[in-house]
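The values are calculated or read from the model by the stated rules, or taken from the named source; none is laboratory data. Nothing here was measured: the structure is a model prediction, and the numbers come from that model. Positions of Cβ are generated from backbone atoms using ideal geometry, with glycine treated the same way; all protein chains shown enter the neighbour counts. Accessible surface areas use protein heavy atoms only, side chains included; no ligands, DNA or RNA. Shrake-Rupley method; radii C 1.70, N 1.55, O 1.52, S 1.80 Å.
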Amino acid sequence: MSEEKQVEEAIVGSFNEPTDQHEEKDGSRSVFSVKNLLWHGGSVYDAWFSCASNQVAQVLLTLPYSFSQMGMLSGIILQIFYGVLGSWTAYLVSVLYIEYRSRKEKENVSFKNHVIQWFEVLDGLLGPYWKAVGLAFNCTFLLFGTVIQLIACARTWTYIFGACCATTVFIPSFHNYRIWSFLGLGMTTYTAWYLTIASLIHGQVEGVTHQGPTKLVLYFTGATNILYTFGGHAVTVEIMHAMWKPQKFKYIYLLATLYVFTLTIPSATVVYWAFGDQLLDHSNAFSLLPRSMWRDAAVVLMLIHQFITFGFACTPLYFVWEKVVGIHDTKSICLRAACRLPVVIPIWFLAIIFPFFGPINSAVGSLLVSFTVYIIPALAHMLTYKSASARQNAAEEPPFFLPSWTAVYAVNAFIVIWVFIVGFGLGGWASMTNFIKQVDTFGLFAKCYQCPPTPSSKHH
């Protein structure tokens with residue numbers, strides 16, 4: 001059996017096949033080889049690392065900015081609130097994936113050499129219109145998500161880093177992100193605790209003020225950035241599909257979120273305590289901390305992490321493009337990589353056009369994450385199980401902590417209404433107002449963003 005075929009089988013293996021059988025497929029050489037250790041990741045732990053690593057990246061640096069817009073108490077409460085909401089909708093996505101997979105298996109549909117994606121789950125359960133909606137929102141969200149990764153690495157580096165990120169075309173699927181997920185979480189953990197400890201050591205700046213919230217537009221801009229923070233499960237289905245036992249995914253996202261709280265809440269709280277309203281003019285927390293080898297290390301690690309997060313956000317786009325051009329089932333990594341390159345180029349170009357790091361987070365959060373991550377999964381779950389027969393034959397019963405279908409429907413309805421009004425409505429208004437202001441102030445293709453004005457610019 002060829003090596004590439006082994007990789008493909010590991011990616012798409014049988015839904016109900018136990019882990020040890022998959023390990024046997026990984027080759028007669030040695031299950032515990034270095035390659036398997038670093039490359040083949042389909043365990044529960046791999047999925048946890050993928051979720052936790054992918055959930056926080058550059059958002060760590062913009063959360064203190066959000067706290068300055070909305071105040072410390074609201075910042076902490078909304079982090080917990082949206083973290084729980086995000087974990088619930090990730091659970092719904094996992095349930096719908098299992099439902100779709102179970103129905104297709106009964107029809108003897110094979111997924112060998114095929115990675116199931118969210119829009120295909122919607123298509124199989126609810127029909128082509130839902131497929132179109134899911135595909136449009138998911139792809140647009142992931143497109144802007146990858147653009148944000150490039151923007152976050154600073155203007156000069158956007159050109160270089162964009163070229164480096166193009167190498168992600170050689171990573172076949174989420175099954176092969178094992179070592180990167182592990183390293184990525186280590187990088188964000190270091191950065192979060194650097195921000196916390198460095199801010200404590202620095203202490204409060206002279207005359208520090210904490211006036212937030214002062215304006216509704218700022219409050220809801222900050223709130224939608226937090227909405228975006230816990231909206232990283234646009235890649236949930238792909239991560240599940242890479243698992244040896246996808247049924248075990250249900251609570252992984254919640255466990256990942258609980259760990260993420262230990263990174264985001266202390267760092268954002270302490271940085272805001274130290275610098276207060278200065279953060280309103282500094283969307284990237286690094287810009288306020290004095291330069292040191294510890295800060296330099298955090299900057300470098302976050303740059304490397306941008307590469308990992310770029311790969312996570314772009315890989316589902318690669319899959320979609322492969323399916324469009326008809327080479328998704330190819331066993332040639334080189335052919336697949338060549339096909340994926342046209343996906344990277346427009347992302348690179350968009351990152352150079354828009355240098356607005358913090359405002360883009362909020363705009364994406366309100367306009368895209370609201371639907372992609374919260375509203376669509378909740379509505380899809382409600383419609384999939386609206387009939388008594390669907391509930392009776394459901395592949396997954398309601399969770400133990402919410403055993404009633406009525407209660408599940410009530411929670412889903414609350415999420416749809418809340419996120420539509422507060423996230424999409426008020427958040428969209430605030431984020432777009434702030435985004436347009438940034439475009440007017442700094443212009444497109446800006447060479448420098450939030451830099452001190454030069455004497456000539458002051459004169460004018």
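Apolar share of the accessible surface for the range 41-144: 66 percent from carbon plus sulfur atoms, 1.4 Å probe.
With the highest mean first, a sort of the peptides 205-212, 131-138 on other beta-carbon atoms found within 10 angstrom per residue produces 131-138, 205-212. Over the range 240-374, accessible surface divided per residue gives 34 Å², non-protein components excluded, 1.4 Å probe. Summary value for the range 41-442: 35 percent relative contact order, contacts being C-alpha pairs under 8 angstrom separated by 6+ residues. The Cα trace of the range 41-442 gives Rg and Dmax of 20.6, 69 Å, the first to one decimal, the second as a whole number. How much of the accessible area of the range 225-269, in percent, comes from carbon and sulfur atoms when a 1.4 Å probe is used? Ligands and nucleic acids excluded, carbon and sulfur reach 72 percent.
Can you compute the charge dipole magnitude of the range 41-442 about its Cα centre, using +1 on each Lys and Arg Cβ and -1 on each Asp and Glu Cβ, nothing else charged? Give it in debye, rounded to the nearest 20.
Working: 21 positive and 16 negative charges, 126 e Å.
So the dipole magnitude of the range 41-442 works out to roughly 600 debye.
Sorting 372-378, 196-202, 240-246, 332-338 by their mean Cβ neighbour count within 10 Å, with the most densely packed peptide first, gives 372-378, 240-246, 196-202, 332-338.
Would you mind checking the pairs 250/323; 131/250; 131/437; 106/248; 106/245 and listing those with alpha carbons more than 25 angstrom apart? Write out the running numbers ahead of the final one.
Details: 250/323 27 Å; 131/250 23 Å; 131/437 35 Å; 106/248 20 Å; 106/245 18 Å.
Beyond 25 Å: 250/323; 131/437.
Of the trypsin sites (Lys or Arg not before Pro) found in the range 53-124, those that fall in a DSSP loop while having at most 15 other beta-carbon atoms within 10 Å are 112.
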